[in-house]
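Everything on this sheet refers to the single structure shown next.
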Amino acid sequence: MAFILAQAGTTLYKVDVSTGTATALTLPTGVTLNSTRKPKFATLGEWVVMTHSPSKNLAIDVEGTVRVLCPQAPLNGPTTSNVAGGSALTGTYKYWVSFYVKDADGNVLMESPLSLPSVELTVTTDDIEVGELPLSGDTVTGRRLYRSLTGGVVPYRLFDVDDNTSNSVRDGIADTTLELLPSLAEFYVSPPGTVPGFQMKSIVEWKSRLWGVSNDPTLVDTIFASDTNKIYTWPNSLVAHPAGIDKEGVVGFGVRRNHLGFMKRTGIWAVSATSGGTGIDFTRLTVSQIAPRQAGCLAEDSILTINDKVYWLGRDGVYEWDDNGVKSVSDTLVAPWFKKGTTVFNRDRFQYAFARYNAVTNSYELHLAAAAASTENRWVSFNLTNRCWYGPHVTGAFTPTHAGDATDANGLPLTLVGGSDGVIYAGNGSNNRDGSATAIDMDCYGPWHHGEDPDDTNYYGQVSVLSRVESAGTMEVIPVVGRLDTTAQAAITHTLTTGRERLRRLGVGALMRLRFRKNTVNQSASIYGYELPWHTIGRR
Amino acid sequence: MAAGKIRNFGFGVDGVNIVTDPLKLKPSEGISLQNAELVPNEATGGLSALTQRKGLDALNGSAMSGSVIGIYNWPLRTTIVKTLYAAKQTEDANTFQSTIDGTTWVPTSTPVAPVTDAYFADNSNVQSARRFAGFKNLLIYPGGTYTQDSANPTIQSWNGTDAFTVTAIPVGPGDSSDEPFVIVDQLTIGDKTYLAVSDPGGGAAPDHAGRVLQLDMTTGKLRQVASTFGNDSGQMGGGTPCCMAYYQNQLFVGLNGSATTNGIGKIVRCFPDVDETWTVDVSNLVSHPVTLIAEGGGMLVGTRSSATTGAQVYFRSNSALTWGSELTSGGGAAGSGHYQGLVSYNGEVYCVEYHSTTPIINIKKRTALGVWSTVRDVATTDSGVAGNLPGNGIVFNSKLFFTFRSLTAGGNDGFILQCATSTWTKVLTDNIGGSMAILTQRS
């Protein structure tokens, strides 16, 4: 079986790809999803981490249990007092507390940073009562106590209190019984989004770490990173300098095998790692600006990595980043779609564009808003095999609101589009329709033809259309014969069951163009080509 | 006069071109190619043919609530099936009953037979915790196929399909050279499973022999925790280990000395990866512990009855660290009185009170510090009789289950009670051995 995680409205769902059954997942107490902030996901160590949309970062395990990614750190340290009549402790001690979540087998799944230390307490052959144990507002399974060695300042793990209710515990454990090495919990740092208010607006996994960026306006150029293979502690950060020159800062991440791109509106920055390692050494990382003042990214959800190449929507086109650098892939063929003055798309909504990969056609599919539209109701395809563009495409079945790709139960690729109707649609369907009953409106405008000289007037004879033999259906062939502004002729019907059909004469004019349209539910069409005779009449 | 033929058999192959002026477009280009694509498959068009794009099929039959704003691939093993297994005894070839919903039970004979009452006869081990364990995708339990006193007890595993022998418990290093009697309790903490083993030898009651072993299920390594139990120098006296709990990084172990003397109930503890000896936590409980859990800001233990006093439940708080009696059985002294099956459920603690005379078989509930009540009179309501000794309590599918053993090893008069939303139901009557565990399977 295979599943996808989906957010619809303010609900998180687990969707069985095989059956289509969508099951709402239960969120931790007090955590809500925002229906206007799109969720961001990343996977590390069998955990799916979800940010941006939730009021607190979430982590989802393989069973579908949703927990906070990192419990909020205790607000206060514990108090201490000596208990006369104890036995083991002589010296000066202080304590720390953290919150944790354990599984049924007692494994710690996530742990908060430590509290502030308690005030030092000096005892002589007494036990110590550790009181005012902080209580977590998150759903946790207990609290972990740390203690210094006598006179020490670093925490050693002491023991766990497996509840979130009791007020105090008594400690009589000798220094010699504590773990040999101090705890690394001293260095636990919560990621942005642990405390409600700011969210991690983007997150990815790269080199066995999670990388994220906050929507805190003062931190938008700072990239946070988790410990290796640990989802809940984020002690590392980098800055993509210069900071503070663009209110959006890092829009998203471009993930390549040995490079991680920090995509800003003003350009692309990156860190690199060796190809041999799965992890990276933070002390050796430097942030390089690889595409200054150009090729910036407008829409995080347009960023897609396909075969170690990253694609995204910039302010004036679609860009590609590979081993040869950053370049536009739209300028030479479809630049007007993306540049100022376009009448095809609404550039004001470029920031909301989203993309998906279609493995069947090997295409980068970019969803955009049509001119004057307020939803991303069109999409264009960049075929990575022939590096040509197709579209703009449209569906009458629903309004696309998000897209993604996934794998089915057999590990085979799916390309998915989510709709405002709460339905996820899978592309490349064998039914020649969208949804249950909407025709796919194929509408193709061909090139202008002329004889030898576009200035001459020609006679265009009977056109033959060759197409794939279908079991039923017709296609409209709509000629234009004349000049560029000539009105189209009446549509000619091509019967798709014939495979080849000679149609009527097209008539007299300088130029000729054919438009092919197929818009019938449950029927398909493939155009192999067309031919027609012509001869010059003269120059008029 | 110029004449010729327009032959365009590559229309659309080069996609959209709206950069070049319209008179210079290649025949293979188009101005707009809505809902058309190249499909690299001759059967459905082919790379040189412009084909209507394929459809968008609804994946989820029922719409979700609201616009879809997030989609994420989740190819992890997310199909989790949990099955509750209840051990049978010797009635027939079936070794366990299992259920995935708590209501419908299915007998199975494929897992190796678990230990039965007969294996616990030595040192009165019948009244010990006798828990099995679920570990990752395995059920781990003491096998009941070895010949006691001439072969070593084994740990068996069951993954829902295949049965394996994990390891055999070797002869102990103590004063006995004979094969161990039986594994009387199991406790899984992280990737380690702790085994309480009853050994022959030792001294007169209560100083029976035994060991606590730590089994690393990843490496298969079996190591002894702290010292052995017995009456020799360096051993911990007071009984064989019979119930365990993990609390504040320490392993607490209740000891069974099979003596009825009042006030000798003993619990010891150690840091299992550090300590070489046990520390006595308490040694004056009314009688030997039977069941032990960490819960509610401390620990709880249920004991047997002594020669003079009824069985009791004690609580050890986080702060006082001393054991205080919270509940005394109305069944009175002797008579196999004991509390069994302490289990936490919905923030409250449950156990079963048993006494052979009358008989008393009550399910008790602790709702607050020191506040206990009877929530089910099993003897009256469920036809429990003397000999239907209580077994494990376990939470499964958000429901609470208690087992009650068959009167004899071959009898089918044991039963299982289920509690859901405060309603108790007898869900199975069969040849019940008393132990339960949950198998988790991921596919």
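The values are calculated or read from the model by the stated rules, or taken from the named source; none is laboratory data. Bear in mind the structure is a predicted one, so any value in this text is a computation, not a measurement. Here Cβ is always computed from backbone atoms with ideal geometry, including for glycine, and neighbour counts include all displayed protein chains. Accessible surface areas use protein heavy atoms only, side chains included; no ligands, DNA or RNA. Shrake-Rupley method; radii C 1.70, N 1.55, O 1.52, S 1.80 Å.
A few notes on this one:
- Cα-based radius of gyration of segment B:8-53 once divided by 2.2 N^0.38 Å, which approximates compact folds: 1.14
- Shape category assigned to segment B:251-379 from the gyration tensor of Cα positions, a/c cut at 1.5: oblate
- Rounded to two decimals, the Cα-based Rg/Rh of chain A, with Kirkwood Rh, is 1.14.
- 3J(HN,Hα) along segment B:340-348, derived from phi through the Karplus expression 6.51 cos²θ - 1.76 cosθ + 1.60 where θ = phi - 60°, amounts to 9, x, 4, 8, 8, 8, 6, x, 10 Hz, with x in place of Gly and Pro.
- What the phi angles of segment B:63-74 give under the Karplus curve with 6.51, -1.76 and 1.60, with θ = phi - 60°, is a coupling list of 5, 6, 8, x, 5, 7, 10, x, 9, 9, 5, 9 Hz, glycine and proline written as x.
- Residues whose amide H lies under 5 Å from that of B:Gln224, counting only those 5 or more places away or on a different chain, are B:Gln214; hydrogens are built 1.01 Å from N in the peptide plane.
- Within straight-line reach of A:Lys309, meaning a Cα separation under 17 Å, sit the following aspartates and glutamates at least 8 residues removed in sequence or on another chain: A:Glu205, A:Glu300, A:Asp301, A:Glu320, A:Asp322, A:Asp323, A:Glu365, A:Asp405.
- The GNM of chain B, with springs linking C-alpha atoms under 10 angstrom apart, assigns the highest mean-square fluctuation among B:Leu255, B:Leu76, B:Leu300 to B:Leu76.
- Full-extension gain in nm, A:Asn76 to A:Ala359, via 0.36 nm per residue minus C-alpha separation: 96.6 nm
- The solvent-accessible area of B:Met217, taken with every protein chain present and a 1.4 Å probe, is close to 40 Å².
- Averaging the Cα positions of each part gives two centres, and for segment B:129-155 and segment A:136-175 these lie 35 Å apart.
- Legend: translational diffusion of the protein assembly as shown by Stokes-Einstein, Rh = Kirkwood radius over C-alpha pairs, 4 °C, 1.567 mPa s; D = 40 µm²/s.
- Placing unit charges on each Cβ (+1 for Lys and Arg, -1 for Asp and Glu) gives segment B:1-116 a dipole about its Cα centre, and among B:Val13, B:Thr95, B:Thr51 the Cα reaching farthest toward its positive end belongs to B:Val13.
- Farthest toward the positive end of the dipole of the protein assembly as shown, out of A:Val394, B:Trp74, A:Tyr528, is the Cα of A:Tyr528, where the dipole comes from beta carbon charges about the Cα centre.
- Within straight-line cross-link reach of A:Lys56, lysines at Cα separation under 26 Å, skipping those fewer than 8 residues along the same chain: A:Lys14, A:Lys38, A:Lys40, A:Lys102, A:Lys201, A:Lys207, A:Lys230, A:Lys247, A:Lys264
- The count of lysine pairs in chain B whose Cα atoms are under 16 Å apart, excluding pairs fewer than 8 places apart on the same chain, comes to 8.
- Point-to-point label distance, A:Val508-B:Arg223, nm (Cα→Cβ direction, 7 Å offset): 10.2
- Loop-resident sites, segment A:437-528, for trypsin sites (Lys or Arg not before Pro), counting at most 13 other Cβ within 10 Å (DSSP): A:Arg483
- Rg/Rh (Cα only; Kirkwood hydrodynamic radius) as it applies to segment A:274-367: 1.03
- Per residue, the convex hull spanned by the alpha carbons of segment B:357-424 comes to 103 Å³.
- Put simply, the amide H of A:Val239, placed in the peptide plane, has neighbours under 5 Å in A:Ile223, leaving out anything fewer than 5 places away on its chain.
- The order of the peptides B:232-244, A:408-420, A:283-295 by mean Cβ neighbours within 10 Å, most packed first, is B:232-244, A:408-420, A:283-295.
- For B:Lys88, the residues whose amide H sits under 5 Å from its own are B:Phe96, B:Gln97, B:Gly433, ignoring neighbours fewer than 5 places away on the same chain, with H placed 1.01 Å from N.
- Rounded to whole numbers, the Karplus 3J(HN,Hα) couplings from phi for segment A:72-85 are 5, 5, x, 7, 9, x, x, 9, 9, 8, 7, 10, 4, x Hz, using 6.51 cos²θ - 1.76 cosθ + 1.60 with θ = phi - 60°, and x at Gly and Pro.
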